[in-house]
Amino acid sequence: MLTLIEHLEFAITADADDRVIKDSAILVEDSRIADIGTTEEVRRRLGSRTPDKIIDGRRMGVTPGFIDTHVHLSESLSRAVFPDVLATRAWVFHWAKPFYAHVEEDDEGVSVLTGTAEMLRSGTTCFLDMGAQNDAGLTARAVEQIGIRGVVARHAADVRPAQAPPGWSDEMMDHHFFPDHKTALAALEASVRTWNGYADGRVRCWVNIEGKEPCSLELHIGARQLAEDLGVGTTYHIASSFEESQVSETKHGMTPVKRIAEHGGLGSNLVLAHAVALTDEEVELVAQHNTSVAFCPSTSLKLAKGATDIGKYPEMIEAGVTVGLGTDGVSAAGNLNLHRQMHLVAGLFKDSRRDPTLIGARKAIRMATIDGARALGWDDEIGSLEVGKQADFVLFDLNHHEWTPYGDAEQALVWSASPASISQTWVAGKAVFSDNTIHTIDETALREEVRERAAAIVKRAGLGEGVPTTTTLYD
């Protein structure tokens with residue numbers, strides 16, 4: 001199947017030269033980009049070949065698909081359930097974990113579908129999920145069904161709290177925690193061997209763990225080594241708040257990333273989620289080991305992590321660290337809209353440091369596209385509009401008020417536009433979302449089911465009045 005989209009007003013390529021091609025055309029052959037350039041160039045190179053389909057791209061612009069480097073798809077039924085007065089550790093231990101404990105297998109498949117539907121409507125074509133609460137296959141099968149691309153995993157932790165907090169049951173603890181790191185790693189290896197490469201390669205499976213206090217040092221170190229042995233990646237939460245780093249210093253005499261580094265745990269196949277509370281020394285260590293970072297701006301704002309106060313993301317970028325963007329889960333961040341994260345990261349550090357040269361539109365676009373692909377080890381296939389890469393891209397409707405008028409396409413994309421002006425989202429050469437419809441699922445029926453399942457989970461988990469909003473767990 002040969003499809004030509006021509007006379008696009010612009011193509012933001014996110015290639016090595018950050019080309020923005022005007023009056024552009026993109027030629028899609030099956031699942032890949034066969035050509036890209038100006039309409040005149042692509043037409044000339046096409047020669048006597050006749051496309052099966054020609055799309056008039058006038059009043060449209062194209063960007064690479066956005067890549068979410070940190071998301072919890074098993075959290076998608078918890079939107080606006082937890083209070084917005086919680087710091088990270090209380091949010092996790094007293095609200096998120098009881099919720100997760102009551103997400104059953106059927107719930108989780110529905111949760112993944114509604115989360116990925118929101119992603120496709122927001123221009124996200126690929127994601128890195130932290131891990132299913134039940135089976136990575138639930139996420140993998142949902143990805144196959146809806147047509148997105150992503151990294152799936154099985155959640156893993158191995159350190160139970162000394163005393164179970166309110167809302168935690170023995171059954172929940174047995175489900176959530178493996179008895180030791182060896183058992184956890186064996187289960188994670190089985191997931192990778194089963195699901196990596198699924199859905200014609202649109203699904204990759206990693207050795208992901210929860211990270212921080214609920215995981216032993218052996219599990220942190222072992223996950224990255226196992227991932228390397230299997231030729232995949234791993235990700236976990238670390239230094240996600242100042243309080244977490246304080247706990248590590250008190251217990252172990254050093255901050256968490258330094259502790260991991262001193263035991264040989266950093267590497268190029270590791271994505272650190274959040275990494276808000278790094279020291280200057282830890283920034284250097286992360287850079288030296290080519291370890292990537294997933295920054296989640298909305299979560300930092302909602303949970304008061306302090307990214308604009310103590311976060312060293314501009315320093316990481318300056319040191320050569322690959323920093324991608326993540327939405328986190330819908331309860332932690334409020335949404336799965338990566339476009340919003342791009343908008344936030346472009347300006348947060350300009351404002352907090354009163355330096356208008358920091359981040360900005362072009363770098364924010366790269367963080368949401370090619371840098372995210374690089375963090376996932378997938379930049380040879382996705383993340384930019386280049387010949388030979390997968391045809392994962394987003395078409396924007398430039399007749400929309402957000403684009404009327406505009407001058408610079410990159411600035412308009414970041415500072416003016418939103419998913420409201422997305423016309424189509426393509427994955428692997430197919431328009432999965434167009435005409436305000438995701439063509440692979442029945443969204444109306446899904447939303448009805450989502451509402452019922454979400455209410456039932458909240459009731460089973462006992463979330464409401466009386467649930468603690470502060471914590472001393474793992475102190």
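Can you tell me the orientation of helix 338-353 relative to the chain, as the angle in degrees between its alpha-carbon axis and the longest Cα principal axis, to the nearest 10? Between the helix axis and the principal axis of the chain, the angle is about 70 degrees. Residue-wise HN-Hα couplings along the range 136-153, as the Karplus relation 6.51 cos²θ - 1.76 cosθ + 1.60 with θ = phi - 60° gives them from phi, are 4, x, 4, 5, 4, 5, 5, 4, 4, 5, 7, x, 7, 10, x, 9, 10, 6 Hz; Gly and Pro carry x.
Protection proxy ranking, highest mean first, for peptides 263-275, 69-81, 194-206, 437-449: 69-81, 263-275, 194-206, 437-449, where packing is the per-residue count of other beta-carbon atoms within 10 Å, averaged.
Against the chain, whose longest principal axis is taken from its Cα atoms, helix 105-121 shows a tilt of about 40°.
Taking other residues whose beta carbon is less than 14 angstrom from the beta carbon of residue 405, and scoring Lys, Arg as +1 and Asp, Glu as -1, yields -2. In order along the range 204-215, phi translates into HN-Hα couplings of 10, 10, 10, 9, 8, 10, 5, x, 6, 4, x, 10 Hz, rounded to whole numbers, per the Karplus curve 6.51 cos²θ - 1.76 cosθ + 1.60 with θ = phi - 60° and x for Gly and Pro. For the range 66-375, a simple Cβ point-charge model (Lys and Arg +1, Asp and Glu -1, everything else neutral) yields a dipole of about 960 debye relative to the Cα centre.
The phi torsions of the range 236-252, fed into the Karplus equation with coefficients 6.51, -1.76 and 1.60 and a -60° offset, translate into couplings of 7, 6, 7, 6, 7, 7, 4, 5, 4, 5, 5, 4, 5, 5, 5, 7, 10 Hz, rounded to whole numbers, with Gly and Pro shown as x.
Residue exposure proxy: 403, 95, ordered by other Cβ atoms within 10 angstrom of their Cβ from fewest to most, comes out as 403, 95.
For residue 312, the residues 5 or more places off, or on other chains, whose built amide H falls under 5 Å of its own are 278.
Our helix-only sum for the chain, with -39,500 (n - 2.57) per DSSP H run of n ≥ 4 divided by its residues, gives a mean residue ellipticity at 222 nm of -10500 deg cm²/dmol. Taking amide hydrogens as placed 1.01 Å from N in the peptide plane, the amide H of residue 272 sits under 5 Å from those of 292, 293, 294, each at least 5 positions away in sequence or on another chain.
Values quoted throughout were computed directly from the atomic coordinates according to the rules given, and no laboratory measurement underlies them. Remember, predicted model here, so these are calculated numbers, not experimental data. Here Cβ is always computed from backbone atoms with ideal geometry, including for glycine, and neighbour counts include all displayed protein chains.
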